[in-house]
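Visitor: Got a structure for you, questions after.
Just so you know, all these numbers are worked out from the coordinates, no wet-lab data involved. Quick caveat, the model's predicted, so the values are computed rather than measured. Virtual Cβ from ideal backbone geometry, glycine too; neighbours counted across all protein chains shown.
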Amino acid sequence: MKAITRTAYGQPEDVLQLKEIEKPIPKEDEILIRVYATTVNRTDCGILTGKPYIMRAFTGLWKPKDLVPGTDFAGQVEAIGKKVTTFSIGDRVFGLHDEGLSSHAEYMTIKADKAVTQIPDNIDYASAAASCEGAHYAANFLSRLKLKKGDKVLVNGATGAIGSAGLQLVKNLGMQVTAVGNTKNLELLRSLGADKVFDYEKEDFTKDDERYHLIFDAVGKSSFPACKHLLLPNGIYSSSELGPNAQNLYLPLITWIKGGKRVIFPIPRNCRKSILSMAKLLAEGRFKAVIDRTYPMEQVSDAYKFVMSGQKTGNVILDFS
Ligand SMILES: NC(=O)c1ccc[n+]([C@@H]2O[C@H](COP(=O)([O-])OP(=O)(O)OC[C@H]3O[C@@H](n4cnc5c(N)ncnc54)[C@H](OP(=O)(O)O)[C@@H]3O)[C@@H](O)[C@H]2O)c1
């Protein structure tokens, strides 16, 4: 089968190779999937370069433990292990494992009880693949908060994979959402449910008079000190990035001890729960995957370089069909 491979950490143009390798054979508790679409996402970029170094505790200390990169997929079940009862050959499935799943290949295997489930009938492969990584992180951040219907939420970086998912997830919960993005995507942000938008290329949301129950910075371009005055009493600031001097790692403890306005920085977990809830939202028409562009597998290096620029809108698809 054709697969993207790499044997060292590094930049895409230096380490990625499209190769012919052995097709995997599913174990008795696994399914074999013909991958049709996968994304190149920020987690893939971290795993490719081995940075931040902390990631190497999971992905391989000196060199990547997996020959094939890729963390999410959408495809069709081609074979099942003899103990598998929850999937059938021909099922359309999607899923995620953010420590690596070797999904940048024509075929991959996954244990049937991991983060994999059926794709709803109304959803195509690209949209399914684009509903995994960013949605998982957004769901993880939001699931740690006690928010109520009607609460005011600001999402910074709402055009990204995490931000566009976060915007829709909070809107689904009945909150009033303000979204911050670039000029070209303001209409997109409104179409995803934003009640109010800020164009960060023209205005500074930190100078506004509105106050929020939650500020969710899904791009890590702000900080708690810069946003604190925008929070209501007991309001929460959460970011997907570590912030200046990795402050989002220690501010949760300091602000918890002090009381009042708080920072939270949840460690992502439970990919399976995220995938099952995304399948439900997709089936109900309550989530729209945002796709910036699609690359053929031969142009994987260009796909990584574009994602690393930090300028994608939503998700970047690798087409393996
Ligand atoms: N904590 C975790 O577990 C975790 C996991 C995955 C990713 N991350 C991090 O989370 C961040 C977001 O990930 P992602 O996949 O959503 O990234 P992404 O898709 O690259 O999203 C970033 C978005 O923010 C926009 N943007 C850039 N500068 C901005 C600014 N000053 N104000 C508002 N928007 C701005 C970008 O578009 P324009 O530049 O065109 O405006 C882009 O659409 C990344 O920094 C990533 O490393 C964290």
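Visitor: What's the angle, to the nearest 10 degrees (0 to 90), between helix 247-258's Cα axis and the longest principal axis of the chain?
Guide: Tilt of helix 247-258: around 50 degrees.
Visitor: Take peptides 210-220, 110-120, 132-142 and line them up by average Cβ neighbours within 10 Å, highest first, as a rough protection proxy.
Guide: Top to bottom by mean Cβ count within 10 Å: 132-142, 210-220, 110-120.
Visitor: Starting from the Cα-Cα distance between ASP199 and GLU187, subtract it from 0.36 nm times their residue separation and give me the gain in nm to one decimal.
Guide: Numbers: separation 12, 0.36 × 12 = 4.32 nm, distance 1.08 nm.
Result: 3.2 nm gained on full extension.
Visitor: Using 7 Å Cα-to-Cβ label points, what is the ARG269/MET1 separation (nm, one decimal)?
Guide: 3.1
Visitor: In the structure displayed, which of LYS261/LYS312; LYS184/LYS288; LYS148/LYS171; LYS19/LYS65 lie more than 20 Å apart, Cα to Cα? Show your work: numbers first, answer last.
Guide: Values: LYS261/LYS312 32 Å; LYS184/LYS288 18 Å; LYS148/LYS171 11 Å; LYS19/LYS65 17 Å.
Those over the limit are LYS261/LYS312.
Visitor: Here is a follow-up. Excluding residues fewer than 8 places away in the same chain, name every one of the aspartates and glutamates whose C-alpha is closer than 20 Å to that of LYS196.
Guide: ASP151, GLU187, ASP204, ASP208, ASP209, GLU210, ASP217
Visitor: Evaluate E = 1/(1 + (r/R0)^6) for GLU210 and ARG286, where r is the Cβ-Cβ distance and R0 equals 25 Å; express this FRET efficiency to the nearest 0.05.
Guide: It comes to 0.45.
Visitor: Sticking with this structure for a sec: Just the number, please: percent antiparallel of the DSSP beta bridges in the chain, rounded to the nearest 5.
Guide: That works out to approximately 50 percent antiparallel.
Visitor: Please list, in chain and number order, the residues 5+ apart from LEU154 or on another chain whose amide H is under 5 Å from its amide H, with Hs placed from the backbone.
Guide: Residues meeting the amide H criterion: THR178, LEU214, ILE215, PHE216.
Visitor: Then there is this: Can you compute 3J(HN,Hα) from phi for each residue in the stretch 44-49, using the Karplus curve 6.51 cos²θ - 1.76 cosθ + 1.60 with θ = phi - 60°, rounded to whole Hz and x for Gly and Pro?
Guide: 4, 5, x, 5, 5, 8
Visitor: Here's something else I'd like to know. R0 = 22 Å: FRET efficiency of GLU20 with GLN299, Cβ-based, nearest 0.05?
Guide: 0.80
Visitor: So what J values fall out for the stretch 305-312 if you push phi through Karplus, 6.51 cos²θ - 1.76 cosθ + 1.60 with θ = phi - 60°, rounded to Hz, Gly and Pro as x?
Guide: Here the 3J(HN,Hα) series is 5, 5, 4, 5, 5, x, 10, 6 Hz.
Visitor: Could I ask something else about it? Under the rule of -39500 (n - 2.57) per DSSP H run of 4 or more residues, summed and divided by the residues of the chain, what mean residue ellipticity at 222 nm is obtained, to the nearest 500 deg cm²/dmol?
Guide: The per-residue figure over the chain is -7500 deg cm²/dmol.
Visitor: At what distance in angstrom do the alpha carbon centres of the stretch 101-160 and the stretch 216-237 lie from each other?
Guide: Comparing the Cα centres of the stretch 101-160 and the stretch 216-237, I get a distance of 24 Å.
Visitor: Can you pull the one-decimal nm distance between simple spin-label points at SER321 and ASP121, each 7 Å off the Cα toward Cβ?
Guide: Those two pseudo-labels are separated by 1.9 nm.
Visitor: Related question: What is the gain in length, in nm to one decimal, between LYS221 and LYS146 on full extension, counting 0.36 nm per residue of separation less the C-alpha to C-alpha distance? Working shown, then result.
Guide: On the way: separation 75, 0.36 × 75 = 27.00 nm, distance 2.42 nm.
Residue separation times 0.36 nm, minus the Cα-Cα distance, leaves 24.6 nm.
Visitor: Between the stretch 1-40 and the stretch 265-286, what is the C-alpha centre distance in whole Å?
Guide: Spelled out, the Cα-based centre of one part sits 24 Å from the other.
Visitor: Counting only DSSP beta bridges with both residues in the stretch 145-264, what percent are antiparallel, rounded to the nearest 5?
Guide: On the way: 0 of 21 bridges.
Given both bridge residues lie in the stretch 145-264, the antiparallel proportion sits at roughly 0 percent.
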